[in-house]
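The values are calculated or read from the model by the stated rules, or taken from the named source; none is laboratory data. What you see is a predicted model; the values in this text were computed from it and never measured. Counting neighbours? That spans all protein chains shown, and the Cβs are built from the backbone with ideal geometry, glycine included.
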C-alpha cells in the first residue's frame, strides 16, 4: 500500500507512457531475478571470462568505453562530488546486461542505442563519440534525444545511472554509499546482503 | 497424491485469508492456506529500493502472468492491451501475507454512513450504488478485534466524524510522530479543521511475539523486517501455524474449484512449485485472492451447476469492480524558513506523520447542492525512495536534464526542503464499465485464461477527488509550503481493489449473502474485498480484515453441523471408489 497509499499505474500521458512502458519492460526483463545470488555469480563468472578483451554482453570493449563516456557526460565527475565513474555506473549496467536471464533483446537494445549514437557522431562530426569535445558530445546526445528510439534509450540509461548512484551498493553501484553521502540520504535498514557480483563489477568498471 | 482433508481450505493469504485461517485454527479446526507466492519471512525483507520498487521482485512477472486492461479511449470506446505490451501491472504483493506485507498501514474504519449510501444520498446516474446488507454495528466488534489481533496503534480524539467505538481507545499508543505533524496541526487549527491522529497497523510496542517498529523510514512498499507491521503473515498466519491447526502452502497456484452435480465445491485443484497438479479436499472453501483474481478464479471454475462460472448464475461475478477514487497534493517546506532545531526535526527520517482529516467525509457545504459523500485526507512525508525521486529530476519541458544541471537539481531536491504529500480517498463508484471477465485469448504461464479488466471511472469520483485534494492543498498553503499542486486522479490504484463479488440479500443482483457465503454454493465463502458493494472513502484493508474475522465466525458456526451430521455423508459422496480402495494417499 505504501507510504504512498495510492499507487498508480504508469502515467497516462501518451508520450510519458511510451517512455515508461519501454523502461518498465526493459527493467522487468533485464533484471527479473538479476539480484539472485546464483544469477550474480554466473554474471560474475561471465565477466571474468571476458575480462581480458573487455567485451561482454554483446558489446565490444570499444562500445563499453563509449557507453562509459556517455554516462560520464550525463553525470560528470567533480572534485569531491561523485559522477558516473565514481558510482560505478558502467560496471552496474554491465552486471545487469551480463545476467544470464537478461534477454538478448535488451542487449540488442543497448547496442542499438550505441550504434545510433555512433552513426550520429560520425555524420555530424566525422568522428567517434569518444573523441568528441564536451560540447560536441552535448550536441550529439541532444540530437539523439530528438529521435524516438534515442529518447527511449537515453531515458533508460539515465534511470540506470541513477540506480547506480542511489541504489544499495550490494547491486554493484554506489560503492560504499558514495551517492547517499553526497545527497545526504539515510538508507533504510536492514540493508540487503552483499552480493558477490557487485565487487566483480567494480573491478571491471575500472578497465573501461 | 490426494491431500488429507481439511475443515477449511483458504485460497489466498492476505487480509482476506489471514483472519479466516487464524480464527479457524484458534477454534481448533484444520485449515489449509493455498498461496501462489513464496513464503518470505521477516528476515527476507530488506530496505532495498531496487528490489522492491525498481525490479518489483514481490509481484509476478507480466511475461508469465499478464492481465489485459481495457482503458477508455478519447472517442468513448475501449482499448484493450495486455500488460505484457504496456509494461504496467495490476499485481501487488504476491507472497504469504499478500499485499499487507507492503502496506504502510494507513488504517481507517468505514463509517456508519458508508453502509447506507443509497438510502443516505440517493442514486447517482450511471452508478450502481446500493446499501450494504449489514450495518456498521455488525462490523464494529470485528474492527475492534483487528485492533487487538493485528495490532493497530493510534489515539482516539473527539471530532465531528468520529465513528462509534466499543472501546475508548486503541490498544497500542501511536507510533512516533514526525515534526511535520505539529505543522499540520497548527495549520488545520488555523483553518478550523480537525486534524486527527492516523491509526496505523504498526506496533508501537512489542506484542504478540512481534517486535516494535524500527523506524527506518522505509515502510510502505517495503516488507517489514521486524514484524511490527500488521501483515496477515506476521500478525495472523505465523500464529495460526504455531497453533498447529493451520498449514500454509506457498507456490500453490489454484487453477480451479471443482464442483459436483449438486453445485457444491468438492476440491481445489492447484499447481505446486514443480508444476504438478495437486488437489485439496475440504468441507468449506474460502476464496481471498484480491478482487480481480477472486473473480477470475470463480469465472474459470465452471461445473455442472455452474456453466458460467462458480456462483455466477446471476452473472454478477466480476461486476462492480472497485479501486479507490481520490486525488493528491504536494508542497515543499523549505528548511531555510526554520531555525536549526526545527529544520533538523523536519529532516528526520523514520517517524510517521500520522495525520488525517475527515471533516469532509460527508460534504455538506453547499458546493455541490445537496450533501454528498466525501472522503478522507491523509498527510505524509514524501516516501524515501531516492532513486524514484531522482529519476523525476531528469524531466523538464525542454527535454532531459543531465550533466551538471542535473547534479545541481539533485542537490537542491534532496537538501532544501521537506516535502509533504496529501492523499485524498473517496469512493470509487461502482458502475457498468468497471469489471472483470476472462480474456478469450491471453493465457498465463499455466495456460489459464487471464483476467481482462475494464477500468472505467465514474466522473463523479473526479469531482470529489478534486474537492478533497484542494482542501488538502489549502492546508499545505497554510503551512507555508511552496510549489503546492493538487490534482484528482482517475487512474486505478493497483493496491486498492474491491468489489467483483458483492454481497447482498438478492441473489439476482449479488454473488454473496450477508455472511459472504455464495448464494448458490453453501460451502463457498469469499472473504477478501470482493464482497464490498461500495468501498468507503479510505484504504480498504481494515475493513477487509474485520469482515474476514466476521466471516470466520460464520464459518465456525457452519462447520459443527457439517462435522456432526454430514461428515460421513460428505466423505461417502466425494470419495471416489477407486480412491477409497487405494487409500487416502493416492492421486
Subject >> Enumeration of residues in the range A:81-122 that are modelled with pLDDT of 95 or more and either out of contact with any helix residue (DSSP H, G or I) (no Cβ under 8 Å at 6 or more places or on another chain) or in a loop (DSSP other than H, G, I, E, B) (or both) >> reply: A:82, A:83, A:84, A:85, A:86, A:87, A:88, A:115, A:119, A:122
Subject >> Criterion (out of contact with any strand residue (DSSP E or B) (no Cβ under 9 Å at 6 or more places or on another chain), surrounded by 22 or more Cβ atoms within 10 Å (Cβ to Cβ) and farther than 22 Å from residue B:53 by Cβ) met by exactly one of A:77, A:121 >> reply: A:121
**OP:** Could you check how many residues of the range B:461-503 are surrounded by fewer than 22 Cβ atoms within 10 Å (Cβ to Cβ) and at positive phi?
**Re:** 2
Subject >> Conditions (1) part of a strand (DSSP E or B); (2) within 14 Å of chain A (Cβ to nearest Cβ); number of the one not met by residue B:8 >> reply: (2)
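Do you know which of the residues in the range A:123-145 that are assigned to a helix (DSSP H, G or I) and in contact (Cβ under 8 Å) with a residue 60 or more places away in the chain is farthest from the other protein chains (Cβ to nearest Cβ)?
Of the range A:123-145, the ones assigned to a helix (DSSP H, G or I) are A:123-125, A:129-131, A:134-145.
Filter once more, keeping what is in contact (Cβ under 8 Å) with a residue 60 or more places away in the chain: A:129-130, A:134, A:137-138, A:141.
Numbers: A:129: 15, A:130: 17, A:134: 9, A:137: 10, A:138: 7, A:141: 8 Å.
If we take residues in the range A:123-145 being assigned to a helix (DSSP H, G or I) and in contact (Cβ under 8 Å) with a residue 60 or more places away in the chain, then A:130 is farthest from the other protein chains (Cβ to nearest Cβ).
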Subject >> residue B:472, sole failed condition from (1) at pLDDT 95 or above; (2) within 20 Å of the chain's Cα centre (by Cα); (3) within 14 Å of chain A (Cβ to nearest Cβ) >> reply: (2)
**OP:** Would you please name the residue that is nearest to residue B:347 (Cα to Cα), looking only at residues in the range A:171-193 that are in contact (Cβ under 8 Å) with a residue 40 or more places away in the chain and not in a loop (DSSP other than H, G, I, E, B)?
**Re:** A:182
Original post:
Under the condition of being within 14 Å of chain A (Cβ to nearest Cβ) and not in a strand (DSSP E or B), which residue from the range B:182-211 is nearest to residue B:380 (Cα to Cα)?
Top reply: B:198
Original post:
Any idea which of B:16, B:37, B:28 is in a loop (DSSP other than H, G, I, E, B), more than 14 Å from chain A (Cβ to nearest Cβ) and over 29 Å from residue B:445 (Cα atoms)?
Top reply: B:28
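Could you list, in sequence order, the residues of the range B:324-346 that are touching a strand residue (DSSP E or B) at 6+ places or on another chain (Cβ under 7 Å) and assigned to a helix (DSSP H, G or I)?
First, pick out the residues of the range B:324-346 that are touching a strand residue (DSSP E or B) at 6+ places or on another chain (Cβ under 7 Å): B:324-335, B:346.
Within the range B:324-346, B:335, B:346 qualify.
Tally up the residues in the range B:149-169 that are in a helix (DSSP H, G or I) and in contact with a strand residue (DSSP E or B) (Cβ under 9 Å, 6 or more places away or on another chain), please. Break it down stepwise before answering.
First pass over the range B:149-169, keeping only residues in a helix (DSSP H, G or I): B:149-151.
If we keep only those that are in contact with a strand residue (DSSP E or B) (Cβ under 9 Å, 6 or more places away or on another chain) too, we end up with B:151.
Result for the range B:149-169: 1.
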**OP:** Out of A:79, A:100, A:169, A:148, report the one residue that is within 22 Å of residue B:413 (Cβ to Cβ) and away from every other protein chain (no Cβ under 12 Å).
**Re:** A:79
**OP:** Run residue B:88 past the list (1) touching a helix residue (DSSP H, G or I) at 6+ places or on another chain (Cβ under 9 Å); (2) surrounded by fewer than 20 Cβ atoms within 10 Å (Cβ to Cβ) and report the number of the one that doesn't hold.
**Re:** (2)
Subject >> Single match in B:188, B:246 (criterion: more than 18 Å from residue B:44 (Cα to Cα), in contact (Cβ under 8 Å) with a residue 24 or more places away in the chain, assigned by TED's automatic domain parsing to the domain that holds residue B:330 and crowded, with 21+ Cβ neighbours inside 10 Å) >> reply: B:188
Subject >> Criterion violated by residue B:89 - all others in (1) under 22 Å from residue B:348 (Cβ atoms); (2) within 14 Å of chain A (Cβ to nearest Cβ) satisfied >> reply: (1)
Original post:
So, in the range B:103-142, of the ones that are away from every other protein chain (no Cβ under 14 Å) and at positive phi, which residue ends up surrounded by the fewest Cβ atoms within 10 Å (Cβ to Cβ)?
Top reply: B:122
**OP:** Taking the residues in the range B:375-407 that are surrounded by 20 or more Cβ atoms within 10 Å (Cβ to Cβ), out of contact with any helix residue (DSSP H, G or I) (no Cβ under 6 Å at 6 or more places or on another chain) and more than 23 Å from residue A:186 (Cα to Cα) as candidates, determine which candidate is farthest from the other protein chains (Cβ to nearest Cβ).
**Re:** B:376
Original post:
Looking at B:362, B:280, which is the one that is surrounded by 18 or more Cβ atoms within 10 Å (Cβ to Cβ) and outside the structural domain of residue B:482 (by TED's automatic domain parsing)?
Top reply: B:280
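Can you confirm whether residue B:352 is under 21 Å from the mean Cα position of the chain (by Cα), buried (at least 22 other Cβ atoms within 10 Å of the Cβ) and closer than 23 Å to residue B:418 by Cα?
Values: under 21 Å from the mean Cα position of the chain (by Cα): yes; buried (at least 22 other Cβ atoms within 10 Å of the Cβ): yes; closer than 23 Å to residue B:418 by Cα: yes.
Here the answer is yes, as residue B:352 does meet what is asked.
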Subject >> Tally, over the range B:299-319, of residues that are within 24 Å of residue B:253 (Cβ to Cβ), in contact (Cβ under 8 Å) with a residue 24 or more places away in the chain and in contact with a helix residue (DSSP H, G or I) (Cβ under 9 Å, 6 or more places away or on another chain) >> reply: 6
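Being surrounded by 20 or more Cβ atoms within 10 Å (Cβ to Cβ) and facing chain A (nearest Cβ under 9 Å): is that true of residue B:68 here? Let's see the steps before the verdict.
Details: surrounded by 20 or more Cβ atoms within 10 Å (Cβ to Cβ): yes; facing chain A (nearest Cβ under 9 Å): no.
When the stated conditions are applied, residue B:68 does not pass them.
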